[in-house]
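**Q** The structure is given below, and queries will be raised subsequently.
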Amino acid sequence: MNPRQRRTLAAAFRKPIPASLPWDDLIALFRALGATVSEGRGSRVRVELNGHESTFHAPHPQRMANQGRVRAAREFLEKAGVKP
């Protein structure tokens, strides 16, 4: 992982949950951790990591993940065994 991805990982696990994170940074973090990321129908994004799978809805028109998406990403990462 590069420094930007490490910062994104730390931000995803920060308490309180950040109000927003760049969506593209979260996707880059998933890929850096070895996840398979695929686009689904509409704004769905399917992520598979360490045998765990989750589906997220990409934010639009803004490309910022709100608290709910960040919380879901953190829960997914925890289930997949990723810690900051």
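Derivation of every value follows stated rules applied to the coordinates shown; laboratory data play no part. Predicted model only: the values in this text are computed from it and were never measured. Counting neighbours? That spans all protein chains shown, and the Cβs are built from the backbone with ideal geometry, glycine included.
**Q** Once amide H atoms are built 1.01 Å from N in the peptide plane, which residues 5 or more positions from A65, or in another chain, come under 5 Å H to H?
**A** L21, W23
**Q** Treating the beta-carbon of each Lys and Arg as +1 and of each Asp and Glu as -1, no other charges, what is the dipole magnitude of the chain about its Cα centre, to the nearest 20 debye? Don't skip to the end; give the middle numbers.
**A** Values: 15 positive and 7 negative charges, 52 e Å.
Value, rounded to 20: 240 debye.
**Q** Given the rule -39500 (n - 2.57) for each run of at least 4 DSSP H residues, summed and divided by the residues of the chain, what is its mean residue ellipticity at 222 nm, to the nearest 500 deg cm²/dmol? Could you put the intermediate results ahead of the total?
**A** Working: 3 runs with 33 residues, N = 84.
Helix contribution divided over all residues of the chain: -12000 deg cm²/dmol.
**Q** Next up: In cubic angstrom, how much convex hull volume per residue do the alpha carbon atoms of the chain span? Intermediate values should be presented prior to the final figure.
**A** On the way: hull volume 6.7 nm³, N = 84.
Output value, Cα hull per residue: 79 Å³.
**Q** Here is a follow-up. What nm distance separates the two modelled labels at E78 and N50, each placed 7 Å from Cα along Cα→Cβ?
**A** My value for the distance between the label points is 1.3 nm.
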